[in-house]
Amino acid sequence: MSEGTEQLALVGAARQRKSRARVRAPASSRPVATVALDVPLSHLDRCFDYLVPAHLDDTVVPGGRVRVRLSGRLVDGFVLARGEETEHEGKLAYVDRAVSAEPVLTPEVAALARDVADRQAGTLADVLRLAVPPRHAAVEREASTPAADVSAPADAGSWSRYPTGPSFLDAVHRGAGPRAVWTALPGATWPAEVAVAVQTALAAGRGVIVVAPDARDVAQIDSALAAAVGTSAYVVLQAELGPAERYRRFLAVSRGAVRAVVGTRAAVFAPVHDLGLVILWDSGDDSLAEPRAPYPHARDVAVVRAHRSGAALLLGDLARTPEEQALLASGWAHAIEADRATVRACAPRVEVAGDDAEVARDPAARTARLPSLAWRRAKDALAAELPVLVQVPRRGYLPALACTQCRARAACPHCAGPLALASGHAIAACRWCGRPAGDRTCTSCGGRSLRAVAVGAMRTAEELGRAFPGVPVRTSGGDKVLSAVPAGRALVVATPGAEPVASGGYGAVLLLDGWALLTRADLRATEDALRRWFAAASLARSAGDGGRVVIVASSDAVPVQALARWAPQRAAQWELDDRAAVGFPPAVRLAELTGTAPDLTDLLATVQLPRTAEVLGPAPFGDIERAMVRVPRADSADLAVALKAAQGARSARHDGAAVRVRFDPADLA
DNA sequence: TCAATCCGTATC
DNA sequence: ATACGGATTGAC
């Protein structure tokens, strides 16, 4: 045989093998598989039907993973359904391979993910990447360990401190799907209260999801839950687990072996069976905003999921976010909060050291620029052998422009966006719509001049320590965060969000540089400052036990007064009203579009926006550009549909790069 | 008149 | 991405 004919024979054999493999028959029952493909293209974000070959009949299951051919190349996908019919007019291709017969994508989560993708103008594939962890074949072969049964109903316990608390638990027990915004009383009881709610749903035979912003909060809930129902009644899901363990626990949930999940933001998608309750703790923390496309916030996902599935929803905080206030104002959720007398009994006494406060005479305290009130309260606590917490702002907040007279945030007269001085320009311009703001007056005091607020001048722990000689100093922040400190005389210096819990509570909590948190160049600065103040102040002992909080800030600022009166509800309503007045979320729906100038221009020219839409910009945004589109909340869905359609048209034409679309971004400056 | 090539569009 | 169809172009 010559070399040439040998080659021909080989090619012939290969072709024969191939064609023999092609002689396939469809499965005799439900031969059509509807598949959601893992492709990044926006215009391909829909289902495709494939034929199930007979030999894959048992392994192509709804919720399982397959590999199929799409226009010549092999792509991964999830089977959404098996059926008899297809709507597709043309010929169906066969499923190429059944990757896994493990039904990891439950119908409920698939529908939720579709809903979330639509609301965020994103693709189902992107949401599924957030919702379903990567497969681990070895783990899939293991059996899941069934959870311990929880049959003992929980005692309402400290929930009875809230007038509507017991009725909420009762409604959860009945499976009535109540929705509540819960303002937790200060102190360390909230994890135990979360555990009671979880136990209530579990004892009623329902599934539960608890989501918290970070590993520290998850750990607190974990230990309270372990005490209430035992560690084998639930799983903890967080990113730090590693792929195998993460998938193992995920499978325990998707197989129904475990009914309760505690975790960070991705846990809101956990395929818990017969979901009866979703709890979201501290939803104002921006770790709950997903940083990957399509940027859903765990709060929005939780709201949508509870709404779709009829599960109960509990949004718990020490303060209250404007979004929660909006849910209450619309009547969608009801409030769980203690009456004034109970709040007064649990809260510490909050005192304000104003801007012009007298600085302590003590030389060391003077060096640390400690107001004398703060210094005295700390001294008293230390004398009583109690720890003192000092909250100091982090370095490196974005410098904001503020009114020289009253320190109010400088806002654009046209769209209320933040003003900034571009390098080399003497006139401030709006970062959102780009308009120069040469001749403006401050809306709060009428002042005409602006200045950059130098924030983040962090006082060092050593500096503060010198004001209290002989007292042990502990620091918590950055990459070394303490979760707890023992009772006893100590000075604990922490950055916001990194405050350790003190056993028995702090004798005094000093919130230094309050105005620095308030004047951050972020639209959520006020909300965020309040959340961090309430969180730190909640670690103090109650007023009756001598707990004192000193905040160094202007005493006539509304948020400062809200803290002093321990009235997070009033602060949230005030903030929501303010956002409505200037047109910020959650009073409106705002889409942030970022991309190169040509891409943005093209998208904005293509998109068929709702009539009510207002376009701000594009304006420079780092190396690229940014535009904002805002609509009344009633038109949110129309805006998302319009942006999705425009993105789809662009991706179908292969016109330029995609434009990033984020709705109501958590960090807005 | 026919084939090679280009462009736009769908992808099951 | 790649494949396909229809239109366009260029050589005979």
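Taken together, the values in this text are just the output of simple stated rules run on the coordinates, not laboratory data. The model shown is predicted, which means the values in this text are computed figures rather than measured ones. A quick note on method: Cβ atoms are made from the backbone with ideal geometry, for glycine too, and the neighbour counts reach across all protein chains shown.
A compact table of results
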read-out	value
GluC sites (Glu not before Pro) restricted to the range A:63-118 and DSSP loop, no more than 16 other C-beta within 10 Å	A:84, A:85, A:87, A:89
Acute angle (nearest 10 degrees) that the helix A:372-383 long axis makes with the longest principal axis of chain A, alpha-carbon atoms	80
FRET efficiency, residue A:167 to residue A:444 (Cβ-Cβ, R0 41 Å, nearest 0.05)	0.45
Cα pair distances in the range A:290-356, grouped into 5 Å bins until the bin that holds the longest one, percent each	3, 12, 17, 19, 15, 12, 9, 7, 5, 1, 0
Residue A:96-residue A:344 pseudo-label distance in nm [points 7 Å out on the Cα-to-Cβ vector]	7.2
Degrees, to the nearest 10: A:597-606 long Cα axis against longest axis of chain A	70
Extension gain, residue A:138 back to residue A:555 (0.36 nm per residue minus Cα-Cα distance, nm)	144.1 nm
Relative contact order, percent, the range A:130-219 [alpha-carbon distance under 8 Å, six or more residues apart]	33
Ranking of A:480, A:644 by count of other Cβ atoms within 10 Å, fewest first	A:480, A:644
Angle in degrees between helix A:107-119 and the longest Cα principal axis of chain A, rounded to the nearest 10	70
Highest to lowest packing among A:213-226, A:605-618, scored as the average C-beta count within 10 Å	A:213-226, A:605-618
Longest to shortest principal axis, alpha-carbon extents of chain A, angstrom	104, 65, 54
Sequence-distant residues sharing a close amide H with residue A:501 (under 5 Å, placed H)	A:484, A:485
Pair residue A:152, residue A:612: separation of 7 Å Cα→Cβ label points (nm)	5.2
Long-range amide H partners of residue A:549 with built H, under 5 Å	A:349, A:350, A:351, A:509
Contour minus Cα-Cα distance for residue A:426 and residue A:634 (0.36 nm per residue)	70.9 nm
Over 19 Å [Cα-Cα, the range A:127-212], rounded percent	51
Alpha carbon convex hull of the range A:231-323, volume per residue in cubic angstrom	115
Relative contact order for chain A, counting Cα pairs under 8 Å that sit 6 or more residues apart, in percent	12
Pair-distance profile P(r), taking every C-alpha pair of the range A:283-394, with 10 angstrom steps and integer %	10, 26, 23, 21, 16, 4, 0
Interchain or long-range residues, amide H under 5 Å from residue A:474's placed H	A:491, A:492, A:493
Cα gyration tensor shape for the range A:127-172, rounded if a/c is under 1.5, else prolate or oblate	oblate
Relative contact order for the range A:279-320, counting Cα pairs under 8 Å that sit 6 or more residues apart, in percent	53
Cleavage-rule hits (trypsin sites (Lys or Arg not before Pro)) in the range A:75-151: DSSP loop, at most 15 neighbouring Cβ within 10 angstrom	A:91
Charge dipole (chain A, unit charges on Cβ, about Cα centre) - positive-most of A:378, A:550, A:452	A:452
Ranked packing of A:243-249, A:26-32, most packed first, by mean Cβ within 10 Å	A:243-249, A:26-32
